[in-house]
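In what follows, a structure is listed as structure tokens, so that the remarks can point back to it.
The values are calculated or read from the model by the stated rules, or taken from the named source; none is laboratory data. If you're wondering where the values come from, they're calculated on a predicted model, not measured in any experiment. Counting neighbours? That spans all protein chains shown, and the Cβs are built from the backbone with ideal geometry, glycine included. To get the accessible areas, we keep the full protein, side chains included, count just its heavy atoms, and leave off ligands, DNA and RNA. Shrake-Rupley method; radii C 1.70, N 1.55, O 1.52, S 1.80 Å.
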Amino acid sequence: MRVVFLGAPGVGKGTQANRIAAQYQVGKISTGDLLREAVRNRTTLGLAAKSYMDQGNLVPDAVVIGLVREKLADPSCANGFVLDGFPRTVPQAETLGAVLASQGVALDRVVNFQVSREDVVRRLSGRRSCPKCQATFHVDFAPPRVNEICDRCGEPLVQRSDDRREAIEMRLKVYDEQTAPLVRYYDERRLLFPMDASGAVDVVFQHLSQELAPYRAT
Ligand code: AMP
């Protein structure tokens, strides 16, 4: 299974990518998670990426492409992968295609997650995460049992710096300008699967899981 999850920030790609990767035993490659880990560990790459991320801008293509190349070679991706948040620009998509072609393989499907702009803003601005175990919550849709405290490890929850309103606006603008052209790019290559992602997590998961079942490793 080699699939890409495409869609604006806040459509639920990450949540579904975790579940699909667990169900089909494939690797999950989230460039956002990899970059946040680098920022937390204060690596050179993390320090360089932080200011782009805080403002809601894209990190330069060369940086994320390097991260993805490394991850694709990881044994966790031997059965395939779900790419979450990559590619986000046409040059990233072209590089991905070339890397896969050099291994004699290709993408199976690109799922385009669709949610109204209003819902995306509501999902992002209410999102909270645990700085210790990375569990995610939502103040309205998936609140923790105790206000602002992680259910799993008891740590106080935080809001991602790029989930502040100004950064959200920037991220959506960047999505429209730089990532939305990938919808047409993959449609022209007959890979696109449009997915209504406005429903509950379980409903979206069931639909997605059915669509991706043909690509499971045999
Ligand atoms: P995400 O968690 O996918 O919303 O990503 C958080 C931030 O990481 C984005 O706003 C970008 O600054 C950066 N980022 C993640 N993936 C990419 C990518 N494929 N290309 C460039 N920047 C990225």
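General remarks:
- The stretch 64-204 - percent of accessible surface contributed by carbon and sulfur, probe 1.4 Å: 50
- Taking G199, G32, G12 in turn, the Gaussian network model of the chain (Cα-Cα springs below 10 Å) assigns the largest fluctuation to G199.
- Cβ-defined net charge surrounding Q134, 12 Å radius [Lys, Arg +1; Asp, Glu -1]: +3
- Under a model in which nothing but the beta-carbon of Lys, Arg (+1) and Asp, Glu (-1) is charged, the chain shows a dipole of about 340 debye around its Cα centre.
- Dipole moment magnitude, nearest 20 debye, the stretch 1-64 about Cα centre, only Lys, Arg, Asp, Glu C-beta charged: 180
- Placing K132, K28, K50 in order of accessible area, with the largest value first and a 1.4 Å probe, yields K132, K50, K28.
- Nonlocal amide H pairs with I149, under 5 Å, H built at 1.01 Å: L157
- Kirkwood hydrodynamic radius over Cα pairs of the stretch 13-121, then Stokes diffusion coefficient at 20 °C and 1.002 mPa s, in µm²/s: 143
- Y52 accessible area, 1.4 Å probe, all protein chains in place, Å² to nearest 10: 90
- Here the 3J(HN,Hα) profile of the stretch 116-127, calculated from phi with Karplus coefficients 6.51, -1.76 and 1.60 at θ = phi - 60°, is 5, 4, 4, 5, 4, 5, 5, 5, 6, 6, x, 6 Hz, Gly and Pro shown as x.
- Rolled with a 1.4 Å probe across the full set of protein chains, the surface gives S129 an accessible area near 20 Å².
- Per residue convex hull volume, Cα atoms of the stretch 106-210, in Å³: 136
- Accessible surface of H207 - all protein chains present, 1.4 Å probe, nearest 10 Å²: 80
- Two-decimal Rg/Rh across the chain, once Rg and the Kirkwood Rh are taken from alpha-carbon atoms: 0.94
- Shape category assigned to the stretch 88-135 from the gyration tensor of Cα positions, a/c cut at 1.5: prolate
- Karplus (6.51, -1.76, 1.60) ³J(HN,Hα), θ = phi - 60°, over the stretch 99-108, in Hz, Gly and Pro reported as x: 5, 5, 4, 5, 9, x, 10, 8, 5, 8
- The stretch 34-100, relative contact order in percent, only Cα pairs under 8 angstrom and at least six apart counted: 21
- Near Y215, once Lys and Arg are set to +1 and Asp and Glu to -1 for all other residues with Cβ below 11 Å from its Cβ, the sum equals +1.
- Expected 222 nm ellipticity per residue - DSSP helices of 4 or more, -39500 (n - 2.57), all of the chain, to 500: -13500 deg cm²/dmol
- Placing D202, D176 in order of accessible area, with the largest value first and a 1.4 Å probe, yields D202, D176.
- Full-extension gain in nm, S198 to Q55, via 0.36 nm per residue minus C-alpha separation: 48.8 nm
- All alpha carbon pair distances within the stretch 67-160 were sorted into 5 Å bins beginning at 0; the resulting P(r) in whole percents reads 2, 11, 16, 15, 12, 14, 15, 10, 4, 1, 0.
- In sequence order, the stretch 32-38 has phi-based couplings of x, 5, 5, 5, 5, 5, 5 Hz under the Karplus curve 6.51 cos²θ - 1.76 cosθ + 1.60, θ = phi - 60°, and Gly or Pro positions carry x.
- Lys/Arg +1, Asp/Glu -1 at C-beta; the stretch 1-149 dipole; positive extreme among L58, V120, P143: P143
- Accessible surface computed residue by residue for the chain, with neighbouring protein chains in place and a 1.4 Å probe, gives 52 Å² per residue.
- Comparing Cα centroids, the stretch 5-44 and the stretch 172-203 end up 16 angstrom apart.
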